[in-house]
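**Q** Questions regarding the structure given below will be posed in turn.
What follows is calculated from the coordinates using simple rules that are stated; it is not laboratory data. These figures come from a predicted structure and were not determined experimentally. Using ideal geometry, Cβ is built from the backbone for each residue, glycine included, and neighbour counts are taken over all protein chains shown.
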Amino acid sequence: MHLAKLTSPADLRALSPAHLDELCAEIRHFIVQAVSRTGGHLGSNLGAVELTVALHRVFESPRDVIVWDTGHQAYVHKLITGRREGFERLRQRHGLSGYPSAAESLHDVVENSHASTSLSWASGLAAGFGLTGNEHRRVIAVIGDGSMTGGMAFEALNNLGHYAQRALIVLNDNGRSYAPTVSRLSAAVSRLRQSPHYVQGRRVVDHLLERVPLGDGVRRGLDSAAAAMREMWEPPAFFETLGVRYLGPFDGHDIGAMESAFRDADAYSGGPVVVHVMTQKGRGYAPAEHDTEKHLHDIGLFDPATGTSPALTPAGPIPAEPAAAPEESATAETLNESDASVRQAEPSVPDEPVVRDYTATFTETLIAAARRDSGIVAITAAMGGSTGLLPFQREFPERFYDVGIAEQHALTSAAGMARAGLRPVVAVYSTFMARAFDQALYDIGLHRLPVILCVDRAGITGPDGASHHGLYDIAMFTRIPDMTVFAPSSPDELPVAFGHALEISDGPVVIRWPRGKGALARPIEPLPTTPRSMRMQARQHRTGADACVLAAGQTLSAAAEAAELLSSEGVEISLWDPRVLKPLDRAMILGAASHPLVVTVEDGVRVGGFGSLVNDALQQLDASTVPRITQLGTPDAYLPHGTAQELHAELGLDAKGIAAAVTKTLARITA
């Protein structure tokens, strides 16, 4: 029994070819038995046995990083890396994950359960290793089960080739995802690469070009002829077109052939390499091989003798869940623990405030930080000028990445860079950031990576209309666990927020700011030396007993005007600048709770945004009464084009609208 003696990938290198064949048979039997008792992904793992063995014999995990796409084909990898006993509780509470998990093993770098992300991870990791002096570490992305059909994979291929990043891409081609894959790429490449006519024709032309002494004009003509032949015999030649070297196809069940191909790819230092391997999904288990629809891709409990129900009893009882920790008042998850004493504002704003551009302020702040920290890199999605990153590119060209119109790839490659030790800053408009919510949630957030997302054009932007208003970023990003969301209320608050963001190393950060200019509110305060729980506290601007207004980001100026209007009518309010929308400041929430009315104001969707977080925090306070809350924001509708001032006035988000909302709600309370 070779499998029982297998404790780490290094054990594979002592086995002979015959012993490796025996091991592969044992692995298949083990996986069938284990999955029959727990359910899970069967067919894809049965097809990846020899491939996984070959990878671990050539490369040295965890020094060399293997990213699985999707992660459901990593069961064999888990076995080889010492987690055999955990399969008794595969996919069960407190048991082994069905996907790679960094919490389980150093051999799992990312939890990669969404398809088509591995190449972006590889791009980011390769960039990070190159900039941190770890060029000796190799990055291998195993992409299969249809993942190459996802558009994000092509985005990443484009950037891997453009930047000549050293990464090995293993295309595990089983012709399917869950069911047959909707793509002709793999089949076409396979047929053409195996065609003797293609090989013979290509060799003839190459021989002519290399051996015959020709003039430049004739050589150019033959170059064109070679390109024409290439297109004739190899229509999907986009790998080389994108700057990605192609090797294959190879038999994905021939360990020796794959090891040779992997070593050849490893020796190539000119950029990324694709090694194309052909595998059979469900190999070695007759019920999976004969399932023409899915090859038992995913399956519940089953009888391993037949591959069908009735199922066996699950292995072992599930232990009782541990007792939950007692809840803190005012929501421990969303409140920024701080001194409950009221913090007053600095001296009042001058009569003639200085006006500055938010994006220009960001540019200066980022460059100053990058001069101090060589680990800071900047990423944009085809909008380097609009997001203020061109000056950064001029000063730090080797630390600047323009990924093209590929926001998804931008965020996942940033996750890879962060995992490799860099501090990536991604600058994207709010409206375009919506394209990459999945990547923010599962690639950055799930791994608690210190990526700084700089969200420009947040809120109502004006003339570009419904598709360009930045109304959804607060609702999106506050839904991500361990995400910190900053909302500077003025341009001079932006450097403060950025400085605090750099101090956060255990999770991602969003800094959102509006389009255009804003008035400076006060001198930039020095960076604090306080722990995370005390960072960037909310600031109270005025005190009043009738109501409390919490105005997020740029809405603070309108709320301050509303406070003056209300004061002239005999209504005195407390006014807070939250500064950090998540986690909420405990002192701010406790201060707000002492009023009969709390009004939240935000330049984003009312439902699910900042106001909803405040409402939830107030509801969870250990208090006999909870104040009435009114949430002001944009409605559940697509907004038309128009100036920000016009739309704010129409939606009641200007000074008059905020004051009217306070007066109207107070009248209802006292009626």
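**Q** Can you work out the FRET efficiency for the pair Glu569 and Asn134, with r the C-beta to C-beta distance and R0 = 56 Å, to the nearest 0.05?
**A** On the way: r = 64 Å, r/R0 = 1.15.
My answer for the efficiency is 0.30.
**Q** With respect to the cross-link table entries Lys5/Lys78; Lys517/Lys656; Lys582/Lys656, which display a Cα-Cα separation exceeding 23 Å? Working shown, then result.
**A** Details: Lys5/Lys78 15 Å; Lys517/Lys656 21 Å; Lys582/Lys656 27 Å.
Distance filter (> 23 Å) returns Lys582/Lys656.
**Q** Provide the net charge surrounding Tyr638, with neighbours chosen by a C-beta distance below 15 Å and charges set as Lys +1, Arg +1, Asp -1, Glu -1. Intermediate results must be reported in sequence, preceding the final value.
**A** On the way: positive: Arg606; negative: Asp464, Asp636, Glu650.
Value of the local net charge: -2.
**Q** Which ³J(HN,Hα) values, rounded to whole Hz and listed in residue order, are derived for the stretch 405-421 from phi using the Karplus coefficients 6.51, -1.76 and 1.60 in 6.51 cos²θ - 1.76 cosθ + 1.60 with θ = phi - 60°, glycine and proline given as x?
**A** Once θ is set to phi - 60°, the couplings for the stretch 405-421 become 6, 8, 4, 4, 4, 4, 6, 6, 5, 4, 4, x, 4, 5, 4, 7, x Hz.
**Q** Under unit Cβ charges (Lys, Arg +1; Asp, Glu -1), what dipole magnitude, rounded to 20 debye, does the stretch 353-534 have relative to its Cα centre?
**A** Details: 16 positive and 18 negative charges, 20 e Å.
Magnitude of the dipole: close to 100 debye.
**Q** Can you find, among Gln619, Val607, Gly642, the residue farthest towards the positive end of the dipole of the stretch 537-671? Put +1 on the C-beta of Lys and Arg, -1 on that of Asp and Glu.
**A** Highest projection toward the positive end goes to Gln619.
**Q** So, counting K/R as plus one and D/E as minus one, what does the shell of residues with Cβ under 9 Å around Phe477 add up to? Display every interim value, and only then the final one.
**A** Values: positive: Arg479, Arg512, Lys582; negative: Asp473.
Local charge sum for Phe477: +2.
**Q** Using 7 Å Cα-to-Cβ label points, what is the Ser505/Ala649 separation (nm, one decimal)?
**A** It works out to 5.1 nm between the two label points.
**Q** Could you give each residue of the stretch 425-436 its phi-based ³J(HN,Hα) in whole Hz, using Karplus coefficients 6.51, -1.76, 1.60 with θ = phi - 60°, and x for Gly or Pro?
**A** Result, ordered by residue: 10, 10, 10, 9, 4, 4, 4, 7, 5, 4, 5, 10 Hz.
**Q** I've got another one for you. Nearest 20 debye, what's the magnitude of the dipole of the stretch 535-670 about its Cα centre given +1 on Lys and Arg Cβ and -1 on Asp and Glu Cβ? Could the numbers behind the result be given before it?
**A** Numbers: 11 positive and 15 negative charges, 73 e Å.
Its charge dipole is roughly 340 debye.
**Q** Given points 7 Å out from each Cα along the Cα-Cβ axis, report the Ser16 to Ala667 separation in nanometres with one decimal.
**A** According to this spin-label approximation, the distance is 9.4 nm.
**Q** Run the quick spin-label model on Asp357 and Asp251: label points 7 Å from Cα toward the beta carbon, then report their separation in nm to one decimal.
**A** 6.3 nm
**Q** Explain nothing, just the number: relative contact order of the stretch 16-161, from Cα pairs under 8 Å at least 6 residues apart, as a whole percent. Could you put the intermediate results ahead of the total?
**A** Working: 192 pairs, mean separation 36.8, N = 146.
Once divided by the residue count of the stretch 16-161, the mean separation gives 25 percent.
**Q** Given a Förster distance of 35 Å, report the FRET efficiency between Leu390 and Tyr268 from their Cβ-Cβ distance, rounded to the nearest 0.05.
**A** Working: r = 33 Å, r/R0 = 0.95.
With a Förster radius of 35 Å, E is 0.60.
**Q** If you take every residue apart from Ser105 with its C-beta less than 9 Å away from the C-beta of Ser105, what net charge results, scoring Lys and Arg +1 and Asp and Glu -1?
**A** Values: positive: Lys78, Arg83; negative: Glu104, Asp108.
Here the count lands on 0.
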